[in-house]
Amino acid sequence: MTAGLLEIRDLSLAIGGHPILKGVDLSIGQGEVMGLVGESGSGKSMTALTVMRLLPFSARATGSVRFDGIDLLAATEDQMCALRGDDIGMVFQEPMTALNPVKTIGEQVAEGIRLHTGAARAEAEERARKMLDRVGLPAEKFPLSRYPHELSGGQRQRVVIAIACALKPKLLIADEPTTALDVVLQKQILELLKDLVRENHMGLLLISHDLAVVTEMADRITILRRGEVMEEGETARVLSEQVHPYTRQLAQASMHVPKRRALSPLEEEMAPKATEGVASGGTSNPIPRPVETTLSILPDISPSRGERTPLLAVKSVSRLYPGRRLSLFRRDTPVYAVDDVSLSIAPGHSVALVGRSGCGKSTLARMILALDKPTSGEIRFCGQAITGKAEADLKSARRDMQVVFQDPYGSFDPRQKVERLVTEPLHLLEKRPSHAERREMAAHALAEVGLSASDLDKYPHEFSGGQRQRLSIARAIITRPKLVVADEPVSALDVSIRAQILDLFADLNNRLGVAYLFITHDLTVARAITDEVLVMHEGRIVERGVTKDVLDHPQSDAAQALVEAAPDLHRAIARKMQEQG
């Protein structure tokens, strides 16, 4: 290893007297990539925030954190302001909360350049433009005048990476830098980070729950659990030998496949393309089945065996957005976010909608949820048309069709407690539950997603990113819907919780017949939990079929690109073993 750039020794951290980190040791040399892996709430992000000195007021850190010879724990705020963004860059986990919604992307990338270098506006914008080009946001589609809300989740993450890398820092801390990105773009961003490390001899602290990504990238790896280091060393040795039981647990969870139920003859008849090659497999540690609630107000959502009508039918749906205004009287060419899309989902079936960031997946999901209106086409749910209906006429559809959003923090009111947030959909039930019933139902929903009743009186900011996503899933399933539209439902979760949540989705499908539309860029999720895959590219469905068939033998260029770029832990370990001897 080369000269130490960041040296952390015996770091302990407590917030309000509650221990978060316990004697953590970690070092990064110049030109080295260190992977920091652990479950949600293990202290990964708090380690990064300690280095950046962005801790809560009540936090108390002890030990030693030295960067390039500077004692960061003893540094003044003025010294830290000079280091942040210039010598130490950081990519935060949730791009929408890291960006300023009232400033253009050009302003935000150029801001740090102007502040640290004293460059004029024109020069700073020119450098910002080059950086945005490099992270895959070309000028013809993404001018500097764009605002964050005009970009998809993956595109916003690219802007955050551009801001962090604009000044070529000595140390880059990347906290889940590819969580919101499709696999093709993820591969491009990881290659970009590798190039920056190599070109600038930059140190990189890569925080991720994706073991395959860390294995591909990291020279060394540190595995963290409940604030303590479980294992540390060269990536190939740690992940091939798996000496510590927790390391083995993480590796097994990364390759976990939930148990799926067999399809009935009627379901096979309704969706013949979804009956062959259904992902199957076992798990040595299945999620415990939740105790059934005693409440009688929850509807029975098991599909009727005589029912032949598709649960969801989308027919020739398009969504056209007017072009950007170029002048007072002229607009750019209109854009088809969704272009003549048709699909159907049978009761109890799971369908994956996969595609690159910005291809129109989330726009289609919003129209299915009646949160946006199609320009043309029709959407029917439970045999009833939902397009063009007034909000008052959508109560039944709202109850039977719930959603898990991509950004869990943005989907919650930060001023409300968990009990209020999770029980929000209960007003859609035909029989209104009492306060005691609401609390019991909320506690049961939390138990189903691996949380406890003691969390009911907390606020969203008191949870980690992965825990907030579990709250989002609890809110979605509390009314026992017939269809759950899940927009990147496990992208923010560590591998252990991800395996549990996939088991939970499978369990609800097995017991209650809940159907799913999974919108995802993670092909391992599609392979594990869905019957059928739809591949979307530039607003159109370019390939569809049985999950195994499409992912094992992709026919379209778009599907082939996704499959080739998807990270694979077995392949990554083998490659790293060869690299490191």
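The values are calculated or read from the model by the stated rules, or taken from the named source; none is laboratory data. Quick caveat: nothing in here was measured; it's all calculated off a predicted structure. FYI the Cβ positions are ideal-geometry reconstructions off the backbone, even for glycines, and counts take in every protein chain you see. We work out accessible area using only protein heavy atoms, side chains counted, and drop any ligands, DNA or RNA first. Shrake-Rupley method; radii C 1.70, N 1.55, O 1.52, S 1.80 Å.
Show me, for segment 113-124, the HN-Hα J-couplings you get by feeding each phi into the Karplus relation (A = 6.51, B = -1.76, C = 1.60, θ = phi - 60°), rounded to Hz, glycine and proline as x.
Per residue, the Karplus-derived 3J(HN,Hα) values read 5, 5, 5, 8, 10, x, 5, 5, 4, 4, 5, 5 Hz.
Please provide three numbers in whole Å: the alpha-carbon extents of segment 357-448 along the principal axes, with the largest listed first.
Between the extreme Cα coordinates on each principal axis of segment 357-448 lie 44, 33, 23 Å.
Step through the residues of segment 217-229 one at a time and calculate ³J(HN,Hα) from phi using the Karplus curve (6.51 cos²θ - 1.76 cosθ + 1.60, θ = phi - 60°), rounding each to whole Hz and writing x for Gly and Pro.
3J(HN,Hα) across segment 217-229, in whole Hz: 9, 8, 6, 10, 9, 10, 9, 10, 9, 6, x, 10, 7.
Calculate the FRET efficiency for HIS244 and CYS81 from the Cβ-Cβ distance with a Förster distance of 30 Å, rounded to the nearest 0.05.
After rounding to 0.05, the efficiency reads 0.15.
Hey, got the Cα dimensions of segment 1-47 along the principal axes, in Å, largest first?
Principal axes ranked by extent give 37, 20, 11 Å for the Cα atoms.
Restricting the calculation to Cα positions, tell me the Rg (one decimal) and the Dmax (whole number) of segment 82-181 in Å.
Reported Rg and Dmax, both Å: 12.3, 34.
For segment 443-517, report the accessible area per residue in Å² (1.4 Å probe, heavy atoms, rounded to an integer).
21
Taking the DSSP beta bridges in segment 270-575 as the whole, what percent of them are antiparallel, to the nearest 5?
50
In 10 Å bins starting at zero, report the fraction of Cα pairs in the chain per bin as a rounded %.
3, 16, 27, 27, 18, 8, 1, 0
Using a 7 Å offset from the Cα along the Cα-to-Cβ direction at both ALA120 and ARG420, what is the distance between the two label points in nm, to one decimal?
5.2
Where does segment 4-254 land on Rg(C-alpha)/(2.2 N^0.38 Å)?
Here the Cα radius of gyration is 1.00 times the empirical estimate.
Based on the Cα coordinates of segment 368-515, what is the per residue volume of their convex hull in Å³?
Per-residue hull volume (Cα only) is 124 Å³.
Could you tell me the largest-minus-smallest coordinate of the C-alpha atoms of segment 448-581 on each of the three principal axes, in descending order and whole angstroms?
Here the Cα extents, ordered largest to smallest, are 48, 42, 29 Å.
Quick one: which of LYS103/LYS458; LYS141/LYS373; LYS431/LYS548 span more than 30 angstrom between C-alpha atoms?
Those over the limit are LYS103/LYS458; LYS431/LYS548.
Taking the Cα-to-Cβ direction at GLU391 and at GLU7 and moving 7 Å from each Cα, how far apart do the two end points lie in nm?
Placing both labels 7 Å beyond Cα along the Cβ direction yields 6.0 nm.
Which FRET efficiency value, to the nearest 0.05, is calculated for ASP25 and LYS194 with the Förster distance at 35 angstrom and r the Cβ-Cβ distance?
Working from the Cβ atoms, E equals 0.85.
Go ahead and run the numbers for FRET between ASP549 and HIS427, Cβ-Cβ distance against an R0 of 35 Å, rounding to 0.05.
Using R0 = 35 Å, I get an efficiency of 0.25.
If each DSSP helix of 4+ residues adds -39,500 (n - 2.57) and the sum is divided by the residues in the chain, what number results at 222 nm, nearest 500 deg cm²/dmol?
The helix contribution divided over the chain gives -10500 deg cm²/dmol.
For HIS349, enumerate residues with amide H under 5 Å from its amide H, sequence gap 5+ or separate chain, H modeled in the peptide plane.
Amide H to amide H, under 5 Å and 5 or more residues apart or across chains, HIS349 pairs with TYR516.
Have a look at the DSSP beta bridges in the chain and tell me what percent are antiparallel, nearest 5.
About 55 percent, rounded to the nearest 5.
Amide H to amide H, which residues 5 or more places from ARG225 or on other chains are under 5 Å from it, using H placed in the peptide plane?
MET230
Rounded, prolate or oblate: which fits segment 270-575 when a ≥ b ≥ c are the square roots of the eigenvalues of the alpha-carbon gyration tensor, with rounded for a/c under 1.5 and prolate only if a/b beats b/c?
Judged from the Cα gyration tensor, segment 270-575 comes out rounded (a/c under 1.5).
From Cα pairs below 8 angstrom and at least 6 apart in sequence, can you work out the relative contact order of segment 1-125, rounded to a whole percent?
Relative contact order for segment 1-125 comes out at 22 percent.
Determine the share of segment 94-156's accessible area contributed by carbon and sulfur atoms, expressed in whole percent, with a 1.4 angstrom probe.
51
Stokes-Einstein D for segment 501-566 at 25 °C, 0.890 mPa s, Kirkwood Rh over Cα pairs, in µm²/s?
D = 195 µm²/s.
Can you list the residues of segment 178-218 with backbone N under 18 Å from a point 7 Å past the Cα of LYS130, pointing along Cα to Cβ?
Residues passing the 18 Å test: 192-193, 195-202.
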